[in-house]
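The values are calculated or read from the model by the stated rules, or taken from the named source; none is laboratory data. Keep in mind that this is a model prediction, so the values were computed, not measured. As a convention, Cβ positions derive from the backbone with ideal geometry for all residues, glycine included, and neighbour counts pool all protein chains shown.
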Amino acid sequence: MTVTDNKQTNADTYNVIVSIIDTANYEWNDVDQTNPKFTFTIDPYNFNGLTNIEVSGNMTYSGNQITPSIKLTFNGQELAQGANKDYTVSYGTNVNAGTGTIIVTAVSSNFTGHKEIEFTIDKFDIKDFILDTNIEGFEGSFEFNNSAINQNLTVWFNGENVTNLFNIVCTNNTNYTTEALVTITPKANSTNFT
């Protein structure tokens with residue numbers, strides 16, 4: 001007996017033909033055809049069941065939409081991203097620190113549906129601020145005048161004045177000293193800075 005067209009891998013409906021090789025000694029007993037056809041269907045895989053997903057890239061608050069790279073693997077094969085490939089990608093707003101989303105949507109006939117993938121957008125650590133780039137107005141020395149000396153600072157992030165998001169406190173700033181200190185910390189309700 002031989003079976004033809006039975007090694008299909010793509011989602012579709014197929015006919016399998018079963019033939020008897022030794023027709024002198026064997027015949028179909030319960031089938032009216034010489035070479036019967038059987039139909040079978042391979043259903044597309046639903047993306048909602050995908051588990052092998054890698055999300056990579058810079059996922060720290062930047063003030064702009066975060067669009068990390070994504071890699072999907074199915075049965076050991078990396079899937080191709082693109083309009084005429086296996087899937088397309090779209091992103092949620094993904095601006096503020098917290099949970100971001102990526103939506104992958106099947107476009108190949110072998111797949112169906114979509115999957116929403118969550119990732120974490122980290123707060124920006126202000127220890128990475130750069131004097132004269134992120135902090136404007138800092139003065140390194142003042143003439144002693146026997147009264148508290150404060151710094152009139154402006155905090156910038158991606159070209160935006162974000163001073164109102166920070167507490168700026170000057171300490172040890174009244175008496176003559178070389179140890180005056182300016183401390184900049186995010187306000188308690190800060191969403192995007194740590």
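Applying the criterion of being among the acidic types (Asp, Glu) and at pLDDT 85 or above to the residues of the range 121-168, the residue that is farthest from residue 190 (Cα to Cα) is 160.
Restricting attention to the range 66-79, does a residue exist that is of a type in the set (Phe, Trp, Tyr), outside any loop (DSSP other than H, G, I, E, B), surrounded by fewer than 15 Cβ atoms within 10 Å (Cβ to Cβ) and more than 15 Å from the chain's Cα centre (by Cα)? Reasoning before the result, please.
Pass one, the range 66-79, residues of a type in the set (Phe, Trp, Tyr): 74.
Pick out the ones that are also outside any loop (DSSP other than H, G, I, E, B) and you get 74.
Pick out the ones that are also surrounded by fewer than 15 Cβ atoms within 10 Å (Cβ to Cβ) and you get none.
Taking every residue of the range 66-79 in turn, none turns out to be of a type in the set (Phe, Trp, Tyr), outside any loop (DSSP other than H, G, I, E, B), surrounded by fewer than 15 Cβ atoms within 10 Å (Cβ to Cβ) and more than 15 Å from the chain's Cα centre (by Cα).
The single condition from (1) surrounded by 12 or more Cβ atoms within 10 Å (Cβ to Cβ); (2) modelled with pLDDT under 95; (3) on the phi < 0 side of the Ramachandran plot that residue 5 fails is (3).
Give me a count of the residues in the range 80-119 that are under 22 Å from residue 190 (Cα atoms) and surrounded by 13 or more Cβ atoms within 10 Å (Cβ to Cβ). Lay out the reasoning, then the answer.
At the first step, the residues of the range 80-119 found to be under 22 Å from residue 190 (Cα atoms) are 92-101, 118-119.
Now narrow it down to the ones that are surrounded by 13 or more Cβ atoms within 10 Å (Cβ to Cβ): 92, 94-98, 100-101, 119.
Residues flagged as under 22 Å from residue 190 (Cα atoms) and surrounded by 13 or more Cβ atoms within 10 Å (Cβ to Cβ) within the range 80-119 amount to 9.
Could you figure out which of (1) within 30 Å of residue 159 (Cβ to Cβ); (2) in contact with a Pro (Cβ under 7 Å, 6 or more places away or on another chain) isn't true of residue 18? Going through (1) within 30 Å of residue 159 (Cβ to Cβ); (2) in contact with a Pro (Cβ under 7 Å, 6 or more places away or on another chain) one by one, residue 18 breaks only (1).
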